[in-house]
Amino acid sequence: MAMLHVIVVQYLFLPVLTLLLSFFLGREGLSIPQAGCVLLGFSAAYLLCRLLTLSLLEYLLSGDAALPGRYDILAILFLSAVGLLIGAASKKKHLT
């Protein structure tokens, strides 16, 4: 059951949710500092989810934790940036 949670929530639901929320935030016409905060916020939320579920459980059970790597950070940053760019492009396309 725990593996199902990892696959569904952390590898499917959270990235798709990040992309969708970034898309809608991109349609709002955020400034560059605000967009940077969105990128950092989504990556921090994803990392905290990974740390507070898998790594914490692994540490409690075995005494050794596997921390999220750079790939996890880059993947969520990329998804969030793509969502922001698509949202901003769709807003500009919709206005003209």
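The values are calculated or read from the model by the stated rules, or taken from the named source; none is laboratory data. From a predicted model like this one, the values you see are computed outputs, not experimental measurements. Don't worry about glycine lacking a Cβ; one is built from the backbone with ideal geometry, like all the others, and counts go over all protein chains shown. The protein model used for the area step is the full one, side chains on, heavy atoms only, and it has no ligands, DNA or RNA in it. Shrake-Rupley method; radii C 1.70, N 1.55, O 1.52, S 1.80 Å.
Taking all protein chains into account, the per residue accessible area for region 1-48 stands at 66 Å² (1.4 Å probe).
Taking semi-axes √(5λ) of the Cα gyration tensor in Å as the quantity of interest, determine which of (i) 32, 13, 8; (ii) 25, 15, 11; (iii) 29, 17, 6 was computed from the displayed structure. Matching the structure shown: (i).
Taking all protein chains in place and a 1.4 Å probe, what share, in percent, of the accessible surface of region 26-65 do carbon and sulfur account for? Could you put the intermediate results ahead of the total?
Numbers: 1850 of 2650 Å².
Carbon-and-sulfur percentage of accessible area, whole number: 70.
Ordering 28-41, 71-84, 8-21 by mean Cβ neighbour count within 10 Å, with the highest value first, yields 71-84, 8-21, 28-41.
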